[in-house]
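Reading through the structure tokens given below for one structure.
Taken together, the values in this text are just the output of simple stated rules run on the coordinates, not laboratory data. Quick caveat, the model's predicted, so the values are computed rather than measured. Here the Cβ positions follow ideal geometry from the backbone for every residue, glycine too, while neighbour counts run over all protein chains shown.
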Amino acid sequence: MIVPSAPHDIQTACRLLQEGQVIGLPTETVYGLAADAFQDKAVARIFEVKNRPTFNPLIIHVASLEDVADLVDISSKAQALMAKFWPGPLTLILPRKKECPISFLASGGLDTLAIRCPAHPLARKLIQTYGRPLAAPSANRSTSISPTSSQDVLASLGNQVPLILEGGPCKIGLESTILDLSDKEPVLLRPGSILKEDIESVIGSIALSQQNESSLIKAPGMMKRHYAPNRPLRLNVTDLKEGEALLGFGSSKNLPITLNLSKKADLTEAATNLFRMLRELDQDRFVGIAVMPIPMTGLGIAMNDRLQRAATPEEKFHTLMAGDPS
Ligand code: TXA
Ligand code: MG
């Protein structure tokens, strides 16, 4: 059931959260699947609905800076970043306080916590009214594409979610930037719309995650294959195979573009459209999705990161194109 965001719906949402249910929540990045972060059973329901492995921890959403003092240790770097970018699409990984009341299931048993203060007014209003932090991953089934509208949430999880708050299409369309501040050296775990250089302008130089699949999992959700459509996905294409849809960026002299992320090659516009268009092209009449090159600058870094995780490895590509669904 999707409902408009009138004040009484906030009340309904609060009642459901109190009962330990999960709800669809708009944020400026993507829609989240939210539950009361203090209740183990409610958090467990998130993992169940998403079919997500329980070792993959969730982001805790707060309404304001004041709300984090009881949850995590706030270093001076964290303080400076919160002052500059919150509310907004920056998630910080910080050491969990001993007395922190957040469900351990939400943080996957780790001694750190991922925290963010979303900028979407409806998300903030809900968290403020509810008075407790909300655990919320993106509201998609594990490994599929994140939802950027209430319709996307309805299509993938609607039958398991009692309420999806309508907050309009997501302004940013890509998940938040994740910065790990739990060790001496800050590490960028997930690129997003707050860029590496934006962060460095506040706290000095930061490292990029060296994570690979065999290394210790720091951000388990950053596993290599993620965010994937059902159809095989090819990147940086300069040719088109028969039956493929072409996701364009800018213009093409010789290839027929099926949907264009941004005709004027604007990265902000393209980021907003990326997940929606991947969903739109993920249909039976196409044998695959081919994506034109997207520059590795600014928001293009986060877009290429998501696309690479969604792309089909070469060896699997041929089987998929031949119609084998494995
Ligand atoms: O924009 C966003 O961040 C959206 C909206 C709904 O807020 N949320 C989101 O959540 O993208 P999710 O669960 O899809 O991605 C969270 C990522 C996962 O890769 C998870 O492994 C990582 O954050 N993460 C969570 N807690 C962590 C921790 N303590 N240490 C390292 N990584 C963590
Ligand atoms: Mg996700």
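Amide H neighbours of G167 under 5 Å, at least 5 residues apart or on other chains, H built in the peptide plane: list them.
S150
How about K41: which aspartates and glutamates have a C-alpha closer than 19 Å to its C-alpha, ignoring those fewer than 8 places off in the same chain?
Here the aspartates and glutamates satisfying the reach criterion relative to K41 are E19.
What is the stretch 11-63 by shape, rounded, prolate or oblate, if you read a ≥ b ≥ c off the alpha carbon gyration tensor as root eigenvalues and call it rounded for a/c under 1.5, prolate for a/b larger than b/c, and oblate otherwise? All intermediate terms of the calculation are to be shown ahead of the outcome.
Numbers: a/c = 1.65, a/b = 1.14, b/c = 1.45.
Since a/c reaches 1.5 but b/c is at least a/b, the shape of the stretch 11-63 is classed as oblate.
Restricting things to alpha carbons, find the Rg to Rh ratio for the chain using the Kirkwood radius for Rh.
Using Cα coordinates only, the ratio equals 0.96.
Subtract the Cα-Cα distance of L208 and N159 from 0.36 nm times their separation in residues, and report this length gain in nm to one decimal.
13.8 nm
Rg/Rh for the stretch 98-218: what does it come to with C-alpha atoms and Rh from Kirkwood? Before the final figure, lay out each step's value.
Numbers: Rg = 16.3 Å, Rh = 16.8 Å.
My calculation of the ratio gives 0.97.
Considering every pair of different Cα atoms, what Kirkwood radius, in Å, is found for the stretch 230-296?
Working: mean 1/r = 0.0847 Å⁻¹.
With all distinct Cα pairs of the stretch 230-296 included, I get 11.8 Å.
Go ahead and set up a Gaussian network model of the chain, Cα springs under 10 Å, then flag whichever of L163, L189, L255 fluctuates most.
L255
Just to be sure I understand the model, the point goes 7 Å from the Cα along the line to the Cβ. What's the resulting D70 to N51 distance in nm?
My value for the distance between the label points is 3.7 nm.
From the P(r) of the stretch 34-98, could you give the percentage of C-alpha pairs in the tail past 21 Å?
Cα-Cα pairs in the stretch 34-98 separated by more than 21 Å: 33 percent.
Taking only the alpha-carbon atoms of the stretch 1-125, what semi-axes of the equivalent ellipsoid follow from 5 times the gyration tensor eigenvalues under a square root, in whole Å, largest first?
Result for the stretch 1-125: semi-axes of 23, 19, 12 Å.
Could you work out which residue, out of R285, R116, R276, moves most in a Gaussian network model of the chain, that is, has the largest mean-square fluctuation with Cα springs under 10 Å?
Answer for the Gaussian network model of the chain: R285.
Roughly how many nanometres apart are two label points built 7 Å out from the Cα toward the Cβ at F104 and K253?
Going by the 7 Å Cα→Cβ label model, 6.3 nm.
What does the C-alpha gyration tensor say about the overall shape of the stretch 157-202? Classify as rounded when a/c is under 1.5, otherwise prolate if a/b is larger than b/c, or oblate.
prolate
Out of I145, I203, I164, any idea which swings most in a Gaussian network model of the chain, alpha carbons joined below 10 Å?
The residue that fluctuates most here is I203.
Among K77/K97; K84/K263; K125/K263; K97/K184; K50/K263, which pairs are too far apart, with a Cα-Cα distance over 25 Å?
Details: K77/K97 17 Å; K84/K263 32 Å; K125/K263 36 Å; K97/K184 17 Å; K50/K263 34 Å.
In this structure, K84/K263; K125/K263; K50/K263 lie more than 25 Å apart at Cα.
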